[in-house]
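Structure, as structure tokens:
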Amino acid sequence: MIQVIVNGLSVGAFYALVALGYSMVYGIIKLLNFAHGDIYMLGAYVGFVVLGALTSWLSLPTALGLVLVTLVTMALTGGAGVLMERVAYRPIRHAPRLSLLITAVGLSFALEYGVRQIFGPKPSHFPVQIDAGSVNLFGATITTARIIVILVAGVLMVVLSLFVAKTRQGRAMRAIALDAKAARLMGIDVDRTISLVFFIGSALAGAAGVLAGAVYGTIDFLMGFIIGIKAFTAAVIGGIGNLYGAMLGGVALGLLESFGVAWLGGQWRDVFSFLCLILFLTFRPTGILGGRVVERM
Amino acid sequence: MTKNSLVQRLVLATAILSTLALTACSGGVGGDQNGPNDEGPIRIGMLAPLTGSESVYGTYLRNGAEMAVEEINAQGGLLGRPVELVVEDDGCDAQMATAGATKLVSAGIHLAVGGYCSGSTLPTEQIFYSNGIPQVITAANGSQLIEAGLDSVFLVNGLATQQAQSAVKFAQKQGAQAIFTVDDGDAYPKGLTDAFAEYGQPAGLNIVAHEQINKAEKDFGSVATAIVGSGADFVFCTAYVQPCALLNQQAKQYGFSGDFLIGDGAVDAQFADLTGAAYVERVYGTFTQTPDMLVGAEQWLASYQAKFGAEPGPYTTQAYDGVRVMAEGVRLAGSTDRQAVADAIHGLRGFDLFSGPATFTDQGVLADSSFVIVVLKDGKFVLFDDLKS
């Protein structure tokens with residue numbers, strides 16, 4: 001039982017980190033950024049390159065090295081997110097919604113096959129792996145890697161909530177989510193704030209990508225696709241556009257899958273999670289938190 | 001809006017694919033290459049996954065075929081005509097493979113060699129057959145491939161059922177008490193676990209549970225939990241290399257300490273890297289022999305490395321052999337006629353292949369499958385047991 005919960009939490013932590021970016025972007029410009037999953041993949045590859053460069057320059061302890069790599073990667077994928085918004089989305093922000101969506105799908109393919117062109121189709125082996133054994137808790141085997149994932153995701157989410165709730169930029173984001181035109185009239189720099197949202201969302205996805213590389217030890221150019229879809233599902237379950245909804249949805253989806261596998265078997269995992277998506281869309285399209293919290297973001 | 005968006009992405013993807021398929025068809029018809037003829041080069045069409053999750057194997061297939069074609073041309077070609085290889089992407093996807101096969105036919109190919117995924121190779125059989133093109137399938141080996149009973153389709157890789165029998169034999173030799181099987185739901189891996197159960201149960205093997213994983217995932221913690229919970233001492237994973245390597249890693253992290261057997265789709269030099277150095281003990285695979293296991297193949301290996309600057313991978317040799325089998329058939333038949341070539345290949349007795357002397361059964365599969373057991377040692381798979389005794 002505990003084993004099933006821990007399995008679900010660690011997978012859910014990944015979903016939550018990626019779902020946050022999905023949800024924030026949707027909250028502020030009503031765009032489903034289908035290229036978001038590929039930013040996660042990009043994060044894994046950026047981490048892979050940075051880690052390679054770093055270990056050849058200086059020898060750091062693994063833990064410190066990983067933290068450093070995660071931070072650098074977050075900055076770089078965040079930058080990639082901003083660039084993506086500036087180049088691909090901003091020029092057509094006022095075009096029909098479908099144009100944005102198609103651009104997002106196109107970007108997704110461009111990122112996937114661009115990375116494949118550079119690094120090849122073979123999965124790459126991540127040079128550092130968190131692999132410090134496991135602990136036993138009430139009969140459940142919990143690997144250190146899983147604990148680290150849950151902790152890192154937790155810390156990042158707390159920092160993000162504080163940022164959105166307490167800072168000026170956070171308030172600007174919430175204001176734009178409510179009414180972009182009014183926010184502009186109040187003197188908020190809308191373009192800058194949207195860039196910031198893309199930066200934060202992409203940085204979180206990048207961090208998740210590095211974590212995935214460090215935990216599972218392998219990365220490949222298609223790794224972002226399925227997690228993108230799952231994160232989208234998580235965002236919908238939690239209430240898309242809602243920050244806490246994305247966190248809750250990610251963890252909920254991870255747990256649902258984990259219990260689904262335990263009860264029904266592995267072949268039912270995706271059937272089960274997408275069935276949940278359909279049920280939510282039918283009976284509660286606003287998600288778990290969507291109805292209660294009026295204020296988006 | 002959210003519901004529509006997901007639907008839209010799917011609709012869009014379908015639209016793009018069908019547009020590609022349409023342009024693929026019209027390209028050949030409108031072009032100047034119309035149908036096979038008796039002049040000019042003999043064209044060999046190859047379908048291989050060059051994009052998508054299986055794309056790493058597509059390159060191996062193409063390289064192997066290229067090498068054989070180059071050798072044939074260096075020896076003066078076939079029937080006095082040069083040989084040309086035309087490669088199309090099947091993306092390991094039935095729709096793409098169908099479009100690719102149609103495109104190859106309209107590009108005027110005379111012979112078809114290739115196919116990695118059984119699910120995407122299956123629909124191409126009928127297309128080639130009805131266009132009078134004999135076909136040698138290089139890597140795909142699902143049992144469904146011979147069910148249509150087409151007499152000009154040949155498989156140079158042993159059948160899944162033959163491989164399953166080798167796996168059963170190995171499990172018995174290891175004295176496995178409780179066996180856990182895992183596949184990814186694709187036609188071939190699923191066929192292999194099914195066949196394993198079919199042959200294993202009468203042989204007295206105790207298969208305690210079966211699970212399916214999603215090959216695009218990386219976290220198999222739930223399945224690892226199930227393996228440990230079932231008390232299994234032997235796992236048979238028939239998915240491809242990355243999922244099996246990750247499952248091996250995660251199952252062992254959770255305390256599994258038995259034998260981990262993988263199907264031929266996962267036997268790749270990358271396995272050791274992907275699974276991590278701490279978990280390489282007791283990893284076995286069912287596999288046909290590869291050049292580095294064979295004596296006397298050093299020269300072949302060296303020229304491969306010189307040409308492509310890399311080591312050959314799984315199925316490079318099958319693709320190389322597939323082209324050679326086809327070429328031999330054409331040489332003996334004296335033409336590229338489907339029936340004549342098929343008869344000639346059926347008539348081969350002990351034709352020399354990497355996997356041993358080849359003779360084809362009436363169904364077009366190798367009479368002697370050459371599956372052996374390999375073991376992961378010092379980061380490479382080496383011969384462990386040839387199952388002859």
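Against the list (1) open to solvent by 30 Å² or more (accessible area, probe 1.4 Å); (2) closer than 25 Å to residue A:222 by Cβ; (3) not hydroxyl-bearing (Ser, Thr, Tyr), the condition residue A:90 fails is (2). Test each condition in (1) open to solvent by less than 10 Å² (accessible area, probe 1.4 Å); (2) out of contact with any Lys or Arg (no Cβ under 8 Å at 6 or more places or on another chain) for residue B:108 and report the one that comes out false. The one condition residue B:108 does not meet is (2). So for the range A:107-119 (the condition being more than 21 Å from residue A:213 (Cα to Cα) and assigned to a strand (DSSP E or B)), does at least one residue qualify? Scanning the range A:107-119, I find no residue that is more than 21 Å from residue A:213 (Cα to Cα) and assigned to a strand (DSSP E or B), so the answer is no. Residues in the range B:65-80 that are in a helix (DSSP H, G or I) and of a type in the set (S, T, N, Q): B:73 only. Of the residues in the range B:259-277, at least one is facing chain A (nearest Cβ under 8 Å) and touching a residue at least 40 places away in the same chain (Cβ under 8 Å).
Restricting attention to the range B:214-240, the residues that are in contact with a Pro (Cβ under 9 Å, 6 or more places away or on another chain) and open to solvent by 10 Å² or more (accessible area, probe 1.4 Å) add up to 6.
When the range B:166-186 is filtered for residues that are open to solvent by 40 Å² or more (accessible area, probe 1.4 Å) and touching a residue at least 60 places away in the same chain (Cβ under 8 Å), the ones remaining, listed by number, are B:169, B:173, B:174, B:186. When residues in the range A:25-74 are screened for being within 21 Å of residue A:226 (Cβ to Cβ), hydrophobic (A, V, I, L, M, F, W, C) and not in a loop (DSSP other than H, G, I, E, B), 7 of them pass. Is it the case that residue A:281 is within 27 Å of residue A:176 (Cβ to Cβ), surrounded by fewer than 24 Cβ atoms within 10 Å (Cβ to Cβ) and of a type outside the set (Ser, Thr, Tyr)? Yes; evaluated as a whole, the condition is true for this residue. Just to check your reading of the model, which residue among B:192, B:155, B:150 is more than 24 Å from residue B:317 (Cα to Cα), more than 14 Å from every other protein chain (Cβ to nearest Cβ) and either open to solvent by 20 Å² or more (accessible area, probe 1.4 Å) or not β-branched (Val, Ile, Thr) (or both)? The conditions single out B:150. The set of residues in the range A:197-239 that are more than 13 Å from the chain's Cα centre (by Cα) and open to solvent by 10 Å² or more (accessible area, probe 1.4 Å) comprises A:215, A:216, A:220, A:222. Taking residue A:16 as the residue in question, decide whether it is aliphatic (A, V, I, L, M) and modelled with pLDDT under 90. In short, no. Across the range B:252-270, the qualifying residues are those that are modelled with pLDDT under 90 and outside any loop (DSSP other than H, G, I, E, B), and the one among them that is surrounded by the fewest Cβ atoms within 10 Å (Cβ to Cβ) is B:253.
One residue stands out among those in the range B:370-389 that are open to solvent by 40 Å² or more (accessible area, probe 1.4 Å) and not basic (Lys, Arg): the one that is farthest from residue B:241 (Cα to Cα), which is B:389. Any residue at all in the range B:123-141 that's open to solvent by less than 10 Å² (accessible area, probe 1.4 Å), small (Gly, Ala, Ser) and not in a loop (DSSP other than H, G, I, E, B)? No: zero hits.
Counting residues in the range B:332-350 that are among the small types (Gly, Ala, Ser), open to solvent by less than 20 Å² (accessible area, probe 1.4 Å) and in contact (Cβ under 8 Å) with a residue 60 or more places away in the chain gives one or more.
The values are calculated or read from the model by the stated rules, or taken from the named source; none is laboratory data. Keep in mind it's a predicted model, so treat the numbers as computed, not measured. Methodologically, a virtual Cβ is constructed for each residue, glycine included, from the backbone with ideal geometry; neighbour enumeration extends over all protein chains shown. Please note that ligands, DNA and RNA were not included when accessible areas were found on the heavy atoms of the full protein model with its side chains. Shrake-Rupley method; radii C 1.70, N 1.55, O 1.52, S 1.80 Å.
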